[in-house]
Amino acid sequence: MNKAFPYQPFVILGTARTGSTMLWSYLNSHSDILCLRGVYGSTNKINFGKFYNELPEEYQSTELIKLRNERPIEFLEKYVYKDYVKSYKAIGFKYFYNHNRHLSNKDKVIYYFDSNRAIKFLHLKRDNLLATLFSYKRALAQQKWTKANTDFKTNISVEECNNYFHDINRNQKLFNQIFQDRILQVNYDRLTEQTGQTLQEILDFIGVKTISLTTETNKNRETKLSEGIINFNELKNHFLDTDYAKYFNE
């Protein structure tokens, strides 16, 4: 199945706390791009994002949520990869590894991605998965995704760390393999430190002219993991002789 699109369709792949909202904001500052939020991600709403203008930013419709969950491809083609009045050059949205959790057929969206060869993927990753996990737990606890209280401290169990590291690494490899010939690796640390060059590579990849992009988001001040994670030393000792030991090197 190769559907013809009047624009470049793309997907921001990844997981929470890897810079997806920052990238979403940058891309929407380009007049030729529309990037939606994680339309499959929330349980009780469809999170289109404020740049959509077709429906409310957070659309709480039981009928639409049911359509998304039971017929996700019909939802995608009717509300995301659809015909727009404005002639965009690229249309995309955020899709995290676990965004299939609401769907009755959990493989259907990935099959659609795989079958439609025109779709390109921006694969967001963060070098330190422990930092990603800590940032996620902090945002979840505070319900603040852009302006966190940096005095936050928490315990993280060995089991939670191990499961998280394993799942994220497995999903990164899986998506890289499935979409290997139409995927751009986007590193969070490089995006924040070499922003202009990274954004230029992204625009080139999705075939949109290069202009200076801006973002409304503010990066949270970094917290030393050894200070924010109460049982940091316990975790570091446990993972000392594993492939995950690198995440504990500050």
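The values are calculated or read from the model by the stated rules, or taken from the named source; none is laboratory data. Computed from a prediction, not measured in an experiment: that's the story for all the values here. When we count neighbours, we look across all protein chains shown, and the Cβ atoms used for this are built from the backbone with ideal geometry, even at glycine. Ligands, DNA and RNA are excluded from the accessible area calculation, which covers all protein heavy atoms including side chains. Shrake-Rupley method; radii C 1.70, N 1.55, O 1.52, S 1.80 Å.
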Pair list, Cβ under 6 Å, 6 or more apart: region 88-111 residue free of Cβ contacts under 8 Å to residues at least 24 places away in the same chain, other residue open to solvent by less than 80 Å² (accessible area, probe 1.4 Å) and not small (Gly, Ala, Ser): Lys106/Asn100
Can you tell me which residue is nearest to Asn100 (Cα to Cα) among those in region 43-60 that are touching a helix residue (DSSP H, G or I) at 6+ places or on another chain (Cβ under 9 Å) and polar (S, T, N, Q)? Thr43
Going through Arg138, Arg126 one at a time, which residue ends up being charged (D, E, K, R), in contact with a Phe, Trp or Tyr (Cβ under 7 Å, 6 or more places away or on another chain), under 25 Å from Gly207 (Cα atoms) and touching a residue at least 40 places away in the same chain (Cβ under 8 Å)? Arg126
Got at least one residue in region 36-57 being outside any helix (DSSP H, G or I), open to solvent by 50 Å² or more (accessible area, probe 1.4 Å), modelled with pLDDT of 95 or more and aromatic (Phe, Trp, Tyr)? yes
Output the residues belonging to region 63-82 that are in contact (Cβ under 8 Å) with a residue 40 or more places away in the chain and under 23 Å from Ile202 (Cα atoms). Val80, Tyr81
Select from region 185-231 the residues that are over 17 Å from Ser31 (Cα atoms), of a type in the set (Val, Ile, Thr), in a loop (DSSP other than H, G, I, E, B) and open to solvent by less than 40 Å² (accessible area, probe 1.4 Å) and list them in ascending order. Thr217, Thr223
Among the residues of region 143-184, count how many are of a type in the set (Asp, Glu) and in a helix (DSSP H, G or I). 3
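Look through region 26-35, keep the residues that are of a type outside the set (D, E, K, R) and touching a residue at least 40 places away in the same chain (Cβ under 8 Å), and return whichever of them is surrounded by the most Cβ atoms within 10 Å (Cβ to Cβ).
Cys35
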Identity of the residue in region 89-114, among the hydroxyl-bearing types (Ser, Thr, Tyr) and either open to solvent by 20 Å² or more (accessible area, probe 1.4 Å) or assigned to a strand (DSSP E or B) (or both), that ends up farthest from Lys78 (Cα to Cα): Tyr97
From the list Ala139, Ala131, Ala118, pick out the single residue that is in a loop (DSSP other than H, G, I, E, B) and either open to solvent by less than 50 Å² (accessible area, probe 1.4 Å) or β-branched (Val, Ile, Thr) (or both). Ala118
Can you spot a residue in region 7-25 that is open to solvent by 30 Å² or more (accessible area, probe 1.4 Å), in contact with a helix residue (DSSP H, G or I) (Cβ under 6 Å, 6 or more places away or on another chain), in contact (Cβ under 8 Å) with a residue 60 or more places away in the chain and assigned to a loop (DSSP other than H, G, I, E, B)? yes
